[in-house]
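Structure, as C-alpha cells:
The values are calculated or read from the model by the stated rules, or taken from the named source; none is laboratory data. As the structure is a prediction and not an experimental result, all values here were calculated from the model. These accessible areas exclude ligands, DNA and RNA; they are computed on the full protein's heavy atoms, side chains included. Shrake-Rupley method; radii C 1.70, N 1.55, O 1.52, S 1.80 Å.
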Amino acid sequence: MIMDEKFWDDMHLGNGSGWSGNPNPVLVQQVADLKPGRALDIGCGQGDDARWLASKGWTVTASDISSVALARAAERAEGTGDITFVHADYVAEAPAVAAFDLVTLHYFAIPKANPAAARAIADAVAPGGTLLVVNHDVGADQEWNGIKPSDFFEPHGIAELLDESWTVEIDETRPRTTAPPEGAHHTHDTVLRVRRLHRAPA
C-alpha cells in the first residue's frame, strides 16, 4: 500500500462529512500555554486544527498531500483567521528551516526508512519553538488498510533523533479524551512535546 496523494484523496472523498469540525484535544491542551506565533500544521486534513490555531492568534501554514482535503479545509476556513494552505508532501520534501514557532503533526506517517524527513520537520522549528507530535498507540502487529504501524515513526522514535539542542517536555502515552474514529479501536495516544533551545549547548 502506497500512501500517496491518490490514497489520501480517496480517503477524504470517502470520508464525506465524517470530520468532527473540532480540533484535536491534545493540541488544545498542549498549545494553550504557548504564545501565538507562526505555526506549521503538517497533514492538516480538512483543517480543524488549523482553524483553531488561527482563532487563538496563530499565523498558520497548513499543509497536506491531499488536494481534496485542502479544498475542503480552505472552504471551511473562510473568515476564520490567518491561514495559508499549502499542497506539500513533507515526507518527500523539507519545510522551511527554523521558520515556525510551533510545528504540529497529528497522526502523520513518517516511514522509519526515511529519518531524514523526521529531522527536516524538526528543523522547521525556530529557536525557542515547540514541536508537537501525536500518534495513535496501536500494537506493532496491527494493520490499517494494509499499512503496518511498525513501519512508521512513533513520537518517541522522533525524540531519539533529536540532539542536545532540544528539551523534552512530554514523552508519554495517555488515554484518549474523545472516542476514536469510527472503525478504529485505539484508546490511547502517544504524545511528544519538545522545545528547541535558543542556542545549542556548549
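When N is the residue count of region 1-94, what does its C-alpha Rg come to as a fraction of 2.2 N^0.38 Å?
On the way: Rg = 13.1 Å, N = 94, 2.2 N^0.38 = 12.4 Å.
It is 1.06.
Residues whose amide H comes within less than 5 Å of that of ASN24, counting only those at least five positions distant or on another chain, are ASP49 (H built at 1.01 Å from N in the peptide plane). Once the chain from ALA96 to ASP151 is taken as fully extended at 0.36 nm per residue, the excess over their C-alpha distance is 17.2 nm. Normalising by residue count, region 28-163 has a Cα convex hull of 110 Å³ per residue. Cross-link reach is defined here as a Cα-Cα straight distance under 29 Å, omitting same-chain residues fewer than 8 places apart; for LYS56 the lysines meeting it are LYS35. Accessible area ranking (1.4 Å probe, heavy atoms, ligands and nucleic acids excluded), largest first, for HIS156, HIS106, HIS188: HIS156, HIS188, HIS106.
What is region 1-118's relative contact order, in percent, from Cα pairs under 8 angstrom and six or more apart in sequence? Each step should come with its number before you reach the end.
Numbers: 177 pairs, mean separation 31.3, N = 118.
Here the relative contact order equals 27 percent.
Which lysines does LYS6 reach when only Cα atoms under 21 Å apart count, and residues fewer than 8 places away in its own chain are ignored? Once the sequence-local lysines are set aside, what remains near LYS6 is LYS148.
Only aspartates and glutamates eight or more places from LYS112 in sequence, or on another chain, were considered; those with a Cα closer than 13 Å are ASP151, GLU154, GLU160.
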